[in-house]
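Nothing in this text is a laboratory measurement; each read-out follows from the coordinates by a stated rule. Computed from a predicted structure; not experimentally measured. Positions of Cβ are backbone-derived with ideal geometry, glycine not excepted, and every protein chain shown enters the neighbour counts.
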Amino acid sequence: MPDDHWRPKQKPARNSRRGVLVWGWFFALINDEEQLATGVADWRRKSAATLETKKVRLTLIDGLIERADRAAKRLAADYTRAIEDDDEKLAADYHEQHINASRRRDALEVERKILDDEVQAVGLSEERERLIYKVVRAVRQRINGAGITNMRELLGLFDVQAKVRLDEAGQRWLDCSCAVPDWHESIEYGRS
């Protein structure tokens, strides 16, 4: 069965069964403190596992950068000696190798920067966790009686996704997920 994703931007019909189920799931999640705490704990656990993997890769990349630096320095010294010995062919060879070693080091530096940024973003800090609860409390105050436009906007803001899947017994399931947006001070939705 092909993936059957639903996103609020697709604007399902007002009475869409899937849309109603997704809204019901989101409404329950926002209003159920225990379910929210379980979701945050799962997120913290997954973040820790992902963080550990990325830290191991960062350590490996640091070692590779160190090796590439040593190789580039050695090749630069070899190039200088070849120039002093008037061996143009050997100098050209060392120069080419030095360029390649420098490119490898530069590529590793780029990967390290990307990984370092990911490590900073992956962790679920206490501040981020407080923000999640702050956002949820603010949404709880406005969620009751939300119209269809507000519902779509909220589902979009929280990047709610739903996927229909079949289990081994042939039963259909609707798997839903969402992400907490990076709101900082105020939450504004449904305002003209």
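Considering only the range 66-99, how many residues are farther than 30 Å from residue 50 by Cβ and exposed (fewer than 14 other Cβ atoms within 10 Å of the Cβ)? Counting residues in the range 66-99 that are farther than 30 Å from residue 50 by Cβ and exposed (fewer than 14 other Cβ atoms within 10 Å of the Cβ) gives 14.
If only one of 141, 120, 161 is in contact with a strand residue (DSSP E or B) (Cβ under 8 Å, 6 or more places away or on another chain) and among the polar types (S, T, N, Q), which one is it?
Details: 141 fails: in contact with a strand residue (DSSP E or B) (Cβ under 8 Å, 6 or more places away or on another chain); 120 fails: in contact with a strand residue (DSSP E or B) (Cβ under 8 Å, 6 or more places away or on another chain).
That would be 161, the only listed residue that is in contact with a strand residue (DSSP E or B) (Cβ under 8 Å, 6 or more places away or on another chain) and among the polar types (S, T, N, Q).
Looking at 143, 148, which is the one that is among the β-branched types (Val, Ile, Thr), within 30 Å of residue 19 (Cα to Cα) and surrounded by 15 or more Cβ atoms within 10 Å (Cβ to Cβ)?
Values: 148 fails: surrounded by 15 or more Cβ atoms within 10 Å (Cβ to Cβ).
Within the list 143, 148, the selection yields 143.
Given the criteria at negative phi, part of a loop (DSSP other than H, G, I, E, B) and either in contact with a strand residue (DSSP E or B) (Cβ under 8 Å, 6 or more places away or on another chain) or of a type outside the set (Val, Ile, Thr) (or both), does residue 168 qualify? I'd like the intermediate steps shown before the answer.
Details: at negative phi: yes; part of a loop (DSSP other than H, G, I, E, B): yes; either in contact with a strand residue (DSSP E or B) (Cβ under 8 Å, 6 or more places away or on another chain) or of a type outside the set (Val, Ile, Thr) (or both): yes.
Yes.
Which of the residues that make up the range 111-140 are within 26 Å of residue 66 (Cα to Cα) and touching a residue at least 40 places away in the same chain (Cβ under 8 Å)?
Residues of the range 111-140 that are within 26 Å of residue 66 (Cα to Cα), as a first pass: 111-122.
If the condition is that a residue be within 26 Å of residue 66 (Cα to Cα) and touching a residue at least 40 places away in the same chain (Cβ under 8 Å), then 111, 112, 115, 116, 118, 119, 122 are the ones that fit.
Being in contact with a helix residue (DSSP H, G or I) (Cβ under 7 Å, 6 or more places away or on another chain) and assigned to a loop (DSSP other than H, G, I, E, B) holds for only one residue in 146, 91, and it is 146.
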